[in-house]
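Rule-based calculations on the coordinates, nothing more; no lab input. A quick note: this is a predicted structure, and the numbers were derived from the prediction, not measured. Note that we place each Cβ from the backbone using ideal geometry, even for glycine, and neighbour counts take in every protein chain shown.
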Amino acid sequence: MKNNQCCEFITYLNDYVDGTLNEKICKVLEDHMGECNNCQIVVNTLKKTVELYQNDTHIQIPEETRKNLFLSLNLEEFLD
Ligand SMILES: [Zn+2]
């Protein structure tokens with residue numbers, strides 16, 4: 001089962017991890033994360049991945065990692 005808040009969360013996820021997301025939206029997402037295990041896992045995994053690649057001037061989550069993560073959480077419909 002999916003809910004609308006998860007949809008929104010996934011839409012803003014990349015910006016959130018990058019730290020470029022609007023403060024208000026950040027708050028909403030963090031509230032949602034407090035109650036949603038799926039989104040917690042997504043963010044934690046993405047943050048770890050970003051840390052691994054932070055030496056690159058251009059931070060980009062590898063497409064393969066992102067895909068596998070979304071697939072494992074049955075969120076593949078949010079992949080662009
Ligand atoms: Zn969620």
Query raised in the report: If you plug each phi of the stretch 19-27 into the Karplus form 6.51 cos²θ - 1.76 cosθ + 1.60 with θ = phi - 60°, what whole-Hz ³J(HN,Hα) values come out, in order, with x for Gly and Pro?
Result: x, 9, 7, 3, 4, 5, 5, 3, 4
Query raised in the report: In vacuo Debye scattering of the stretch 4-72, one point per C-alpha: log10 I(q)/I(0) at q = 0.24 Å⁻¹?
Result: -1.14
Query - Residue order, fewest to most surrounding Cβ atoms within 10 angstrom, among Asp31, Asp15 - result: Asp31, Asp15
Query raised in the report: What is the order of Ile41, Ile10, fewest Cβ neighbours within 10 Å to most?
Result: Ile41, Ile10
